[in-house]
Amino acid sequence: MNGAQALIASLAGAGVDACFMNPGTSEMHFVAALDSVPQMRGVLALFEGVATGAADGYARLAGRPAAVLLHLGPGLANGLANLHNARRAHSPVVVIVGAHATGHVRYDAPLQSDIEALARTVSGWVHTSGTTRDLAQDAMRAVAAARRGQVATLVLPADVSWSDGGSPAPARPQPREREWSIMIDDSQVATVANLLSSRALLFLGGRALSERGLRAASRISAATGARLLAETFPARMERGAGLPSVDRLAYLAEQAEAQLAGVEHLILAGARSPVSFFAYPGQRSDLVPEACSVAVLADQEQDLEAALDLLADLVASGTKPVLAPPAVPDVEPGPLTAISLANTVAASLPEDAIVADEAITSGFALPAALAGAPRHSLLTLTGGSIGQGLPAATGAALAAPDRPVLSLEADGSALYTIQALWTQAREQLNVTTVLINNAAYAILWLELARTAAGQAGERAARMLDLSGPTPDFTAISTGLGVPAVRVSTAEDLHRELRRAYAEPGPHLIEAIVPPVVPAPGTAW
Ligand SMILES: Cc1ncc(C[n+]2csc(CCOP(=O)(O)OP(=O)(O)O)c2C)c(N)n1
Ligand SMILES: [Mg+2]
């Protein structure tokens, strides 16, 4: 058995049985080994950012890592932005980066670069395998490291992969869920219990946004009057009718400050203390109100759900969570706006959907519209690095093939990783993409004004505008193998959404929606 065969067999044995990849010459033995280890599902992505974003989406749904196979430093570099989003999501991902054979490194061949340095920017664990004998064991260490909620990168020299003498390693005994996590501090739970009142706010993130976490948080809020708020960009949040409805902290600092005004005790449960996304001249970065105390109930490395349950049992025994009633908005016919888009999406959402939201400005009305929609899992842009939505939807669909996936995707963001559509077509994934075409980087129109970067002249405006030519997403999608239609009214969107959900395989609906932000140079 060569190293690659031992590696893949061991990964599959440890439950890592999907590999998103974009291979090159140094990975040919890995690719060849796919035929001797059919338990591993290889999924080809046509850009590394699609592979890494798909592995992130997969992990958010499956709760276990997928593997990613990349080609040396440049392949890894192409995948880094979505590994950044994965790191911010605490997603388990096993990245395997093929490298030159050990004896080849000294010649400084064209693709030689410092792979480990690149890997360290996003990985919690990095190792270069030195021998075929130890490769499978190294892989099992990578899987164990990833399972702690991080990116684990194993660099795989070509000769370590191609040499004989590999033997599969047994999967490490899997810790029971969260067993690896740092113990919850009972005294901390008791301290937090004393802070709870209507002047307290419980700020939720990570696993606190699971059904269990939300139900416990809702009980705590109902019993004590403490307010609830979720982090701005959760990795995964359960939402919809029958679940507690919790607002998210606003992206815009001035709105976030209004949400936090009057809070005297901020209690963190899996979320980081709130900060402004960007700095603005003359504005605060730290969004915690003056004289507000900050306490930690539990963080992402602790069992957040158990911590919330403990707190709920302490302060809310006998109190039931407050659940959102079913409430589906009417679809008002007429030209699409961001509001009618949100209402139409909510009105047509199937039960148990996965919603990947990279709708940027056109998505502002979605949270309210979807609060009473059929229950769904929401995936968002954890690290702010755009080009994540289409890949994440792809990986989520692969991890949860029985659930419909809705990918709400802004035009500018889509164009970073549009090749994801081809993988959706190739794998026949049940993904419905609503591609929101506003022919602009509309959020940057807003940011130009907010940063007080000056009056936008014509030359500046051209940098934030996608018209001339406006990309034709219906043509692009069809060309990549995903059937597509263009709509510009709510009634057409409603009809096409229902049609797409009813038919297996991927679909794209290009929705023409005017920007919600006035163009640069126009009066507000
Ligand atoms: C990797 C990366 N590159 C650039 C940016 C900066 N950026 C943030 S939003 C944005 C444009 C978004 O445009 P679009 O997706 O069309 O959404 P809209 O603002 O029009 O709603 C850009 C370029 C980023 N966040 N991440
Ligand atoms: Mg846009």
| Conditions (1) closer than 21 Å to A81 by Cα; (2) surrounded by fewer than 20 Cβ atoms within 10 Å (Cβ to Cβ); (3) within 14 Å of ligand 2 (Cβ to nearest atom); number of the one not met by G387 | (2)
| remark: Of those in segment 397-411 that are over 18 Å from L341 (Cα atoms) and not aliphatic (A, V, I, L, M), the residue farthest from ligand 2 (Cβ to nearest atom) is D402
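Out of curiosity, is E238 part of a loop (DSSP other than H, G, I, E, B), among the charged types (D, E, K, R) and farther than 21 Å from I443 by Cβ?
No; evaluated as a whole, the condition is false for this residue.
Taking the conditions exactly as written (within 24 Å of G225 (Cβ to Cβ) and in a strand (DSSP E or B)), does V322 satisfy them or not?
So V322 fails the test.
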| request: Look at T382 and say whether it is polar (S, T, N, Q), in a loop (DSSP other than H, G, I, E, B), more than 16 Å from ligand 2 (Cβ to nearest atom) and crowded, with 19+ Cβ neighbours inside 10 Å. | output: yes
| Of the conditions (1) modelled with pLDDT of 95 or more; (2) surrounded by fewer than 24 Cβ atoms within 10 Å (Cβ to Cβ), A119 fails just one. Which one is it? | (2)
| task | Find the residue count for segment 462-483, including only residues that are within 14 Å of ligand 2 (Cβ to nearest atom) and either aliphatic (A, V, I, L, M) or touching a Leu at 6+ places or on another chain (Cβ under 8 Å) (or both). | result | 5
| message | If L228 satisfies all but one of (1) assigned to a strand (DSSP E or B); (2) over 21 Å from L378 (Cβ atoms); (3) of a type outside the set (D, E, K, R), what's the number of the condition it fails? | response | (2)
| Enumerated helices (runs of 4 or more DSSP H) restricted to segment 414-524, each holding at least 2 residues that are among the charged types (D, E, K, R) | 442-450, 458-461, 490-502
| said: Here is a list: A442, A449, A500. Which entry is of a type outside the set (S, T, N, Q), away from ligand 2 (no atom under 15 Å from the Cβ) and at pLDDT 95 or above? | reply: A500
| query | Among helices (runs of 4 or more DSSP H) lying entirely in segment 12-97, which contain 1 or more residues that are in contact with a helix residue (DSSP H, G or I) (Cβ under 8 Å, 6 or more places away or on another chain) and among the aromatic types (F, W, Y)? | reply | 28-33, 48-62
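Scan segment 135-166 residue by residue and report those that are of a type outside the set (A, V, I, L, M, F, W, C) and either surrounded by fewer than 16 Cβ atoms within 10 Å (Cβ to Cβ) or in contact with an Asp or Glu (Cβ under 7 Å, 6 or more places away or on another chain) (or both). Write out each step before concluding.
Kept after step one, since they are of a type outside the set (A, V, I, L, M, F, W, C), are these residues of segment 135-166: 137-138, 141, 147-150, 153, 157, 159, 161, 163-166.
Within segment 135-166, R148, D164, G165 qualify.
With respect to A9, determine if the residue is surrounded by fewer than 24 Cβ atoms within 10 Å (Cβ to Cβ), small (G, A, S) and closer than 18 Å to T132 by Cα.
In short, yes.
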| message | Could you check segment 410-443 and list, in sequence order, the residues that are near ligand 1 (Cβ under 8 Å from one of its atoms) and under 16 Å from the mean Cα position of the chain (by Cα)? | response | A410, S413, A414, Y416
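The values are calculated or read from the model by the stated rules, or taken from the named source; none is laboratory data. Because the structure is a prediction, the values reported are computed rather than measured. For neighbour counting, all protein chains shown are included, and Cβ atoms are generated from backbone atoms with ideal geometry for every residue, glycine included.
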